[in-house]
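The values are calculated or read from the model by the stated rules, or taken from the named source; none is laboratory data. For clarity, every value in this text was computed on a predicted model and none was experimentally measured. Note that each Cβ is placed from the backbone with ideal geometry, even for glycine, and that neighbours are counted across all protein chains shown. Ligands, DNA and RNA are stripped out before the accessible areas are found, and what is left, the full protein with its side chains, is counted by its heavy atoms. Shrake-Rupley method; radii C 1.70, N 1.55, O 1.52, S 1.80 Å.
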Amino acid sequence: MRDEHAPDDDAQIALTPDEAVVLFELLWRWSDARSSAATPSASCFESTAECAVLHSLLAGLEKQMVAPFKEQYVELLGEARSRLQPSWGYPTLKG
């Protein structure tokens with residue numbers, strides 16, 4: 001049963017295999033306690049709900065993807081990044 005207060009704006013997001021691998025790696029680095037990579041600080045988020053959504057997105061990717069569990073994952077990730085890099089010419093999300 002749907003919550004009567006929930007918005008009716010269900011969304012589906014389609015990712016290319018390259019986008020999925022790159023997004024998976026980013027979210028994994030940000031959320032895995034064993035990772036020493038920099039993560040967004042708490043001041044980056046306006047609500048813990050945003051973290052919940054990102055964690056849910058990572059969990060969904062984990063359920064669907066096989067690339068992160070392949071022996072050649074590092075190479076697959078590098079190739080995906082190389083193919084996607086030309087589509088964004090700025091160092092941050094703000095450009």
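Brief remarks follow.
- Largest-first ordering by accessible area, 1.4 Å probe, given options 10, 32: 10, 32
- Per-residue ellipticity at 222 nm from helix content only, as computed over the chain with -39500 (n - 2.57) for each DSSP H run of at least four residues, stands at -15000 deg cm²/dmol.
- Portion, in percent, of the accessible area of the chain that falls on carbon or sulfur, probe 1.4 Å: 56 percent
- Qualifying chymotrypsin sites (Phe, Trp or Tyr not before Pro) in the chain, DSSP loop, other Cβ atoms within 10 Å at most 11: 88
- Per residue accessible area of the chain, 1.4 Å probe, in Å²: 83 Å²
- With at most 12 other Cβ atoms within 10 Å, longest stretch of the chain clear of loop trypsin sites (Lys or Arg not before Pro) (DSSP): 35-69
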